[in-house]
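Colleague: Before I ask anything, here is the structure I am working with.
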Amino acid sequence: MLIFKDAKVVTGDSTTIYERATVIIENGVIAEVTERFSEPAEHDAKVIDGSGKVLVPGMINHHAHGVVNGPIFASAAEPLGMPKVIEQLDRNLLQGVTTVLNVDGFCTMDEVKETQRYHPINIKACTMHTPLNFTAADRLDAAGLRPEHRTMTVEKMLEQGAVAIGEIGGGHTLGGGGQDYIYIPRAIKKATGRDIDSFQARKLKLAVLGRFIEESACDIELVAAVLAEIGLDDCLTPEAAKQIVVNTVLPSVSVTLDGYREAANEAIRFNVPMIAHNAPTSMKVVHEIAAMGMKRFIAAHSNYLYTLEESIENTRKLKQYPGVIIDAAVHDCFGEKRLVSSPLNLLAFFKEDLADIVSTDYAAGKFDSMLLAFEEGIKLGKIGLAKAVGLGTKKVADAIPGLAPKRGLIEKGYVADLVLCGDPQISLVDTVTLAGTVVVQQGKRVA
Ligand SMILES: [Zn+2]
């Protein structure tokens, strides 16, 4: 028996907070939540003092990359390797995440099972094993694909336990963030021997292809100015730079957009949720699919890469379609600020009640925690504590039914995946339990 005593309990149902309650766990499951608690007769009960702290359900991070040792991203790039995957899983766990959904949809369930042997966090999987999505990966990278990936299908993956179709599209194949931090710097390095960072790559890309990734948007004078600014004007002409960016970014874009339609048909055929990369390049196709009337269509990181006004307008339009679920991603807007430099959009999504669910996404592996995003939103008066916690727990479990059954809520009968954290600093994670087993203590992994 494990007992969290006298904590402020936020149940995850988006409304309920017990200012001072005790949660009793038996056999990995919540046996009781009570405001009137007397010491147990049982001597072997472990009691954790929750006074001055907040107890929440473990976060369900439904948009994580690199948490399974298999092909990563929609580009099916080389796996990170198990040590780095474990780092990613630890980062999640220490941020108070107890379930992760790997949205790198080319992984197999064997790779999920193998990774799960190395880490106690609950790992779930997506599938994107459709012909056009393979083609898109082939046009950009596909270094991580082996025969067992290529012969896998959506149907087989779902039979073996995948819980959603996704992530369809991505920063790599659609000319987004993945191009900025991997493929454009790599192509520039190959052509010139010089290193550029993701900000420089993005500036160059925007000058060549504009925000909606179209060759017609090229502003060759701006390309020249960017080359001068990032110190490449001595080794690249604007035309040469343009060709490098075009050849790196565009081949996978149109086939990826067709891959959305193909995946949407699969999601409808099998009646499973679909997670779609939602960014300016995919905006039109995302609306097209939203109008198809899918039961659960998750528009991923809807706050990302858009201007504030665009993201709000686009999201309001999407929300008019039944079945659309809006995800807001944290990225690294509080910490590293390398992929997303400001939390403005995310905070507006809290304030305007646009986010249905929240995730971290990847941000080159340096994502901030969902709890930190909630803490900041609460501190600035954009959202309340109960509602915020719901966006990372029960609402996520409801959005993707196979992801975290009987999890995401502090209520009798639910699995005891719990997080004890600071009050009001909920991003300070003290204790984490997985099915009632303490795996993090005083912010450090103990099991
Ligand atoms: Zn994405």
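Colleague: When you look at Asp90, is it within 29 Å of Lys444 (Cα to Cα) and within 16 Å of the ligand (Cβ to nearest atom), yes or no?
Modeller: So Asp90 fails the test.
Colleague: Suppose the filter is farther than 28 Å from Ala142 by Cα, of a type in the set (A, V, I, L, M, F, W, C) and crowded, with 16+ Cβ neighbours inside 10 Å; does Ala263 pass it?
Modeller: no
Colleague: Also, quick follow-up: The conditions are (1) among the hydroxyl-bearing types (Ser, Thr, Tyr); (2) within 16 Å of the ligand (Cβ to nearest atom); (3) out of contact with any Asp or Glu (no Cβ under 9 Å at 6 or more places or on another chain); (4) not in a helix (DSSP H, G or I), and Ser302 fails exactly one of them. Which is it?
Modeller: Here Ser302 clears every test but (3).
Colleague: Would you point out which residue out of Leu174, Leu140, Leu145, Leu206 is under 30 Å from Ile325 (Cα atoms), hydrophobic (A, V, I, L, M, F, W, C), in contact with a helix residue (DSSP H, G or I) (Cβ under 9 Å, 6 or more places away or on another chain) and away from the ligand (no atom under 16 Å from the Cβ)?
Modeller: Leu206
Colleague: Continuing with the same structure: All but one of (1) touching a residue at least 12 places away in the same chain (Cβ under 8 Å); (2) surrounded by fewer than 19 Cβ atoms within 10 Å (Cβ to Cβ); (3) at negative phi; (4) part of a loop (DSSP other than H, G, I, E, B) hold for Asp234, so report the exception by its number.
Modeller: Evaluating Asp234 over (1) touching a residue at least 12 places away in the same chain (Cβ under 8 Å); (2) surrounded by fewer than 19 Cβ atoms within 10 Å (Cβ to Cβ); (3) at negative phi; (4) part of a loop (DSSP other than H, G, I, E, B) leaves (1) as the failure.
Colleague: Quick check on my filter: what residues within segment 351-391 are surrounded by fewer than 19 Cβ atoms within 10 Å (Cβ to Cβ), within 16 Å of the ligand (Cβ to nearest atom) and modelled with pLDDT of 95 or more?
Modeller: Matches in segment 351-391: Gly365, Lys366.
Colleague: Given the conditions (1) in contact (Cβ under 8 Å) with a residue 24 or more places away in the chain; (2) closer than 19 Å to Met283 by Cα; (3) assigned to a helix (DSSP H, G or I), report the number of the one that Glu167 does not fulfil.
Modeller: The one condition Glu167 does not meet is (3).
Colleague: A further question on this structure: For segment 73-119, enumerate the residues that are in contact with a helix residue (DSSP H, G or I) (Cβ under 8 Å, 6 or more places away or on another chain), among the acidic types (Asp, Glu) and farther than 13 Å from His149 by Cβ.
Modeller: Glu87
Colleague: Quick check, is Leu346 within 17 Å of Ile275 (Cβ to Cβ) and at pLDDT 95 or above?
Modeller: Here the answer is no, as Leu346 does not meet what is asked.
Colleague: Working only within segment 189-211, note down all residues that are of a type outside the set (Phe, Trp, Tyr), part of a helix (DSSP H, G or I) and under 21 Å from Ala363 (Cα atoms).
Modeller: Once the filter is applied, which keeps residues that are of a type outside the set (Phe, Trp, Tyr), part of a helix (DSSP H, G or I) and under 21 Å from Ala363 (Cα atoms), segment 189-211 yields Ser198, Gln200, Ala201, Arg202, Lys203, Leu204, Lys205, Leu206.
Colleague: Of the residues in segment 152-171, how many are within 12 Å of the ligand (Cβ to nearest atom) and surrounded by fewer than 21 Cβ atoms within 10 Å (Cβ to Cβ)?
Modeller: Of the residues in that region, 0 qualify.
Colleague: Here is a further query. On the given criteria, is Leu94 modelled with pLDDT of 95 or more, surrounded by 22 or more Cβ atoms within 10 Å (Cβ to Cβ) and either farther than 18 Å from Gly169 by Cα or of a type in the set (Gly, Ala, Ser) (or both)?
Modeller: Taking the combined requirement at face value, the residue does not satisfy it.
Colleague: Cβ-Cβ below 7 Å, separation at least six or inter-chain, first residue in segment 386-409 and on the phi > 0 side of the Ramachandran plot, second among the β-branched types (Val, Ile, Thr): which pairs?
Modeller: Lys406/Val415; Gly408/Ile60; Gly408/Thr393; Gly408/Val396
Colleague: Name, by its number, the condition in (1) exposed (fewer than 15 other Cβ atoms within 10 Å of the Cβ); (2) within 16 Å of the ligand (Cβ to nearest atom); (3) not polar (S, T, N, Q) that does not hold for Leu344.
Modeller: Of the numbered conditions (1) exposed (fewer than 15 other Cβ atoms within 10 Å of the Cβ); (2) within 16 Å of the ligand (Cβ to nearest atom); (3) not polar (S, T, N, Q), the odd one out for Leu344 is (2).
Colleague: Conditions: (1) more than 14 Å from the chain's Cα centre (by Cα); (2) buried (at least 23 other Cβ atoms within 10 Å of the Cβ); (3) free of Cβ contacts under 8 Å to residues at least 60 places away in the same chain. His331 meets all but one. Number of the miss?
Modeller: Only one criterion in (1) more than 14 Å from the chain's Cα centre (by Cα); (2) buried (at least 23 other Cβ atoms within 10 Å of the Cβ); (3) free of Cβ contacts under 8 Å to residues at least 60 places away in the same chain is unmet by His331, namely (1).
Colleague: Tally up the residues in segment 284-299 that are in contact (Cβ under 8 Å) with a residue 40 or more places away in the chain and away from the ligand (no atom under 16 Å from the Cβ), please.
Modeller: 1
Colleague: Say whether the condition of being of a type in the set (S, T, N, Q), within 16 Å of the ligand (Cβ to nearest atom) and modelled with pLDDT of 95 or more is met by at least one residue in segment 229-252.
Modeller: No, segment 229-252 contains no residue that is of a type in the set (S, T, N, Q), within 16 Å of the ligand (Cβ to nearest atom) and modelled with pLDDT of 95 or more.
The values are calculated or read from the model by the stated rules, or taken from the named source; none is laboratory data. If you're wondering where the values come from, they're calculated on a predicted model, not measured in any experiment. Glycine also receives a Cβ, built like all others from the backbone with ideal geometry; neighbour counts cover every protein chain displayed.
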